[in-house]
Structure formats: structure tokens, C-alpha cells
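Asker: Sharing a structure below in C-alpha cells format, with a few things to ask.
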Amino acid sequence: MKKVYFTLTGTGHYYGTDFLKTGMRVRLEKEPDNRFDKEAIVVKMEGLGKIGYVANSICTVIGDSVSAGRLYDKIGDTACGTVVVVTKAGVVCKVSPKSLIEADRGRRL
């Protein structure tokens, strides 16, 4: 199964990135009522709440990470992820394989 990565963005509006470490777990939640982006996916962390969003712009997506728009139909209303790397350029996370939906059958893998 192909690994799916995403870029965590907008962290400066919340807690920053200094506390983030490789291996930390995050929770993704679709935010369909977001007035700025109908494909918005908020990223939360237990004990903190919202820490940012899945990047959805070519200006904020790092490397081969998928944008929120490309990830939106691959997950249910929520998904789990893990921080893979924290750099000055941004934070890259991996979506848990159990959170991905099999596209041709509409069920979780």
C-alpha cells in the first residue's frame, strides 16, 4: 500500500511547531463548513485541540505531500496521522493506512 503524506500548515496561528516531534500522533477532521475552503481538513492534537490544517495550496505543500483537496476523498470524516519530520520549511505527516478509504469500494482499508 502506498504511503500518503501531508503537510501541516497554519501552525503559526496556534501553537507553532517547536513542540512537535517525530512520532507524535495527530487527528484529522474534515471541516466542510469552513468558509474559506470547502475541502479544509483541520489537524488536532489531544490535549491541545487545533494545531493547524492540511496544506491545500501549491505554495504550502512540501515535496510529494498531498494537498487537502487530494486527501479529502481518501479519508472518512476523521483520520489519524503521525508526524514524520519537522523542519524550518514545515511539518510533514503520514496518514495512518487504517484511515484511508479504498476508492473503488468505498470502505476503509
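The values are calculated or read from the model by the stated rules, or taken from the named source; none is laboratory data. It should be emphasised that the depicted structure is a prediction, and the values quoted were computed from it without experimental measurement. FYI the Cβ positions are ideal-geometry reconstructions off the backbone, even for glycines, and counts take in every protein chain you see.
Asker: Just checking, which of Ser99, Ser57 is surrounded by fewer than 16 Cβ atoms within 10 Å (Cβ to Cβ) and among the polar types (S, T, N, Q)? If you could, list the steps in order and put the result at the bottom.
Answerer: Numbers: Ser99 fails: surrounded by fewer than 16 Cβ atoms within 10 Å (Cβ to Cβ).
Testing whether each residue is surrounded by fewer than 16 Cβ atoms within 10 Å (Cβ to Cβ) and among the polar types (S, T, N, Q) leaves just Ser57.
For every residue, the table says whether it meets (1) touching a residue at least 12 places away in the same chain (Cβ under 8 Å); (2) under 13 Å from the mean Cα position of the chain (by Cα).
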{"residue": "Thr22", "(1), (2)": "yes, no"}
{"residue": "Lys50", "(1), (2)": "yes, yes"}
{"residue": "Ile58", "(1), (2)": "no, no"}
{"residue": "Ile62", "(1), (2)": "yes, yes"}
{"residue": "Lys88", "(1), (2)": "no, no"}
{"residue": "Val91", "(1), (2)": "yes, yes"}
{"residue": "Ser96", "(1), (2)": "yes, yes"}
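Asker: Here is a list: Leu28, Leu20. Which entry is in contact with a strand residue (DSSP E or B) (Cβ under 6 Å, 6 or more places away or on another chain), assigned to a loop (DSSP other than H, G, I, E, B) and among the aliphatic types (A, V, I, L, M)? Break it down into steps so the answer makes sense when it comes.
Answerer: Details: Leu28 fails: assigned to a loop (DSSP other than H, G, I, E, B).
Only one candidate passes the filter, namely Leu20.
Asker: Let me ask something additional. In segment 71-109, which residues are modelled with pLDDT under 95 and within 16 Å of Thr9 (Cβ to Cβ)?
Answerer: Answer for segment 71-109, where residues must be modelled with pLDDT under 95 and within 16 Å of Thr9 (Cβ to Cβ): Thr87, Lys88, Ala89, Gly90.
Asker: Taking segment 14-37 as the region of interest, how many residues are under 13 Å from Asp73 (Cα atoms) and at pLDDT below 95?
Answerer: The total comes to 1.
Asker: Let me ask another. Might you check whether a residue that is at positive phi and modelled with pLDDT of 95 or more occurs anywhere in segment 48-57? Working first, answer last.
Answerer: Applying the first criterion (at positive phi) to segment 48-57 yields 49, 52.
So of that shortlist, the ones also modelled with pLDDT of 95 or more come out as 49, 52.
Yes, because at least one residue in segment 48-57 is at positive phi and modelled with pLDDT of 95 or more.
Asker: Pull out all pairs, ordered by first then second residue, where Cβ-Cβ is under 9 Å, the residues are six or more apart or on different chains, the first lies in segment 26-45 and is among the acidic types (Asp, Glu), and the second is exposed (fewer than 14 other Cβ atoms within 10 Å of the Cβ) and part of a strand (DSSP E or B).
Answerer: Listed pairs, sorted by first residue: Glu29/Thr78.
Asker: Restricting the search to segment 58-68, which residues are among the small types (Gly, Ala, Ser) and modelled with pLDDT under 95? I'd like the intermediate steps shown before the answer.
Answerer: Keep residues of segment 58-68 that are among the small types (Gly, Ala, Ser), which gives 63, 65, 67-68.
Within segment 58-68, just Gly63 meets the criteria.
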